[in-house]
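Engineer: The structure is given below, and queries will be raised subsequently.
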Amino acid sequence: MHRHSSAPAVSRPASRLAARAANADAFIERIAAGLMLLAVTATFTLSSSVLTNWKIHYLTAGGNFYEKLHPATYFTLLAFGLLLLRSRGPVGEINRMFSESKLLLAYLLCWLFLLIQVFVLERPFTVIIDTFLLPILIAMVMWQISSAQKRPLAWAIHLTILVNVVLGYYEYFSGHRLIPLTLGDVVVVGEWRSAALLGHPLTASGVVGAYVLALVLRPAICPPLLVRLPLIAFCLASLMAFGGRTSLVTVLAMIGLVGGFEMLRLIQGKRTPLPAAILAICVLFAAGAIIFAALDLGIFDKMLLRFSSDKGSALARFATFSLLSHFDWHELILGPNPVRVNALQSQLGLNYGIENFWISSIVQFGLVHTILMTIGLVCFFVELLRRSHRAAWAIMVLIVIIAASSVSFSSKNIQLAQFVILISVLLPREQRRAVAPAQVRSPLRYRSVPA
């Protein structure tokens, strides 16, 4: 009897240690979720213009090293470092993270090659940290925390985007800009497009457009129909105030495709609740009346003029493509001299940036590293789509269109990190419910019946 009683005594300390380790891991994950809450809030409120207005040398010349990284980068690095301190240990945690997402290794390898080139050419390396390293760190941390811990992050996204939308309307109708629009050391004046706390009109248009697509394509984000439809209309109309033509046209095209597919399914016999159909018809008529009234009052005349007179934006894109003809093959493959690039940009009228991600990358880093970085981004996007709701495809199309038509993440910014936050928090992959195994029925017994 003494031998048999020693087995439970040995298993109890092991179970207690396992329980303590689980509790410690849960505590660490809660702290990491709190840090990510700060990172999400900082991402959608602390733009480069806000930091410059607060005398922080994020994009401007001078300042200390720690000013060159965005606050969201610090919060995300702390959260990622805390997750490595869980019971498996740093090596075990890193092994588990990358074993679940092997394509991220390819992305990090391409990023490492780019980092080596930046060090060799003695260029500022903080550009590729905020622009390319921060998004993957955000995704890896978001994939480690539970759905319950993501709820405050989702509320933070809703709140910060709505604050930006309200501020966008205020700046558009009042003509007063709360935060001066700056591009590095240059203060932009005479710009009617709103920027709110997102720093730039095109950045604000992209973020709000992605948010609208998420609300349209995944109703579970805001289940009450009476809340979701006005919220979509309120945010969609703000794209006219932010003035992003590419985002507006892309979002409207996506919504039109979704509406066309739904109409086709209704024609084929899909059933829909009668109150929902009545509400949809009323919303369509109300939206049409509001649009005609706004056009009659001239509320969005400034935005409509952007389609007829783009103030040289098309010429700037043409000059972007002609910029490559000024370099020889050696410069295009390995990257030209930055001083010569800046001189040519000023000569061609591209002082505000090269409005194409791939051309800008070739000019900055060369063709070889541009191809490597594109391959790495494709691997990262594939992994992100694999872990997300199918609605993330629409936001991914929006990201590619924005990258091809604007400065986007070819310069130092956190725009790619903003899209990754929207996808990883608002559009996670739906967990499949485990189906209970069917009860095993007793074999049927047949009884012979006389003829």
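Engineer: Residue separation times 0.36 nm, minus the C-alpha to C-alpha distance between Leu159 and Val249: what's the value?
Structural biologist: Separation in residues times 0.36 nm, less the Cα-Cα distance, equals 29.9 nm.
Engineer: Residue by residue through segment 154-160, what is 3J(HN,Hα) from phi via Karplus (6.51 cos²θ - 1.76 cosθ + 1.60, θ = phi - 60°)? Round to whole Hz and write x for glycine and proline.
Structural biologist: Ordered by residue, 3J(HN,Hα) equals 5, 5, 5, 5, 4, 5, 5 Hz.
Engineer: Counting other C-beta atoms within 10 Å, and keeping those with at most 15, which DSSP coil chymotrypsin sites (Phe, Trp or Tyr not before Pro) do you find in segment 9-60?
Structural biologist: Numbers: sites: Phe27, Phe44, Trp54, Tyr58; in loops: Trp54, Tyr58.
The qualifying sites are Trp54.
Engineer: Let me ask another. Counting only residues 5 or more places away or on other chains, whose amide H sits under 5 Å from the amide H of Thr182 once H atoms are built in the peptide plane?
Structural biologist: Close amide H contacts, sequence-distant or interchain: Val188.
Engineer: Could you run the Karplus curve 6.51 cos²θ - 1.76 cosθ + 1.60 with θ = phi - 60° over segment 229-237 and give me ³J(HN,Hα) per residue in whole Hz, x for Gly and Pro?
Structural biologist: 5, x, 5, 5, 5, 5, 6, 5, 5
Engineer: Still on this structure, I have one more. Treating the beta-carbon of each Lys and Arg as +1 and of each Asp and Glu as -1, no other charges, what is the dipole magnitude of segment 159-272 about its Cα centre, to the nearest 20 debye? It would help to have the intermediate numbers written out before the result.
Structural biologist: Details: 8 positive and 4 negative charges, 112 e Å.
Charge dipole of segment 159-272: 540 debye, to the nearest 20.
Engineer: Another one. Note down the net charge around Leu103, summing +1 for each Lys or Arg and -1 for each Asp or Glu among other residues with Cβ under 12 Å from its Cβ.
Structural biologist: +1
Engineer: Excluding same-chain residues fewer than 8 positions from Lys55, which aspartates and glutamates have a Cα within less than 18 Å of its Cα?
Structural biologist: Straight-distance partners of Lys55: Glu67, Asp185.
Engineer: Return the sequence-ordered ³J(HN,Hα) values of segment 27-34 in whole Hz as given by the Karplus equation 6.51 cos²θ - 1.76 cosθ + 1.60 applied to θ = phi - 60°, using x for Gly and Pro.
Structural biologist: Working through the residues one at a time gives 5, 5, 5, 5, 5, 4, 5, x Hz.
Engineer: With every protein chain kept in the model, how would you rank Cys379, Cys282, Cys235 by accessible area, 1.4 Å probe, largest at the top?
Structural biologist: Descending accessible area places them as Cys282, Cys379, Cys235.
Engineer: To continue, here is another question. Report the extension gain between Leu334 and Leu115 in nm, rounded to one decimal, defined as 0.36 nm multiplied by the number of residues separating them, less their alpha carbon distance.
Structural biologist: Details: separation 219, 0.36 × 219 = 78.84 nm, distance 1.40 nm.
Computed gain between Leu334 and Leu115 is 77.4 nm.
The values are calculated or read from the model by the stated rules, or taken from the named source; none is laboratory data. Here the structure is a predicted model, which means the values were calculated and not measured. Note that each Cβ is placed from the backbone with ideal geometry, even for glycine, and that neighbours are counted across all protein chains shown. Protein only, heavy atoms only, side chains kept; ligands, DNA and RNA dropped before computing areas. Shrake-Rupley method; radii C 1.70, N 1.55, O 1.52, S 1.80 Å.
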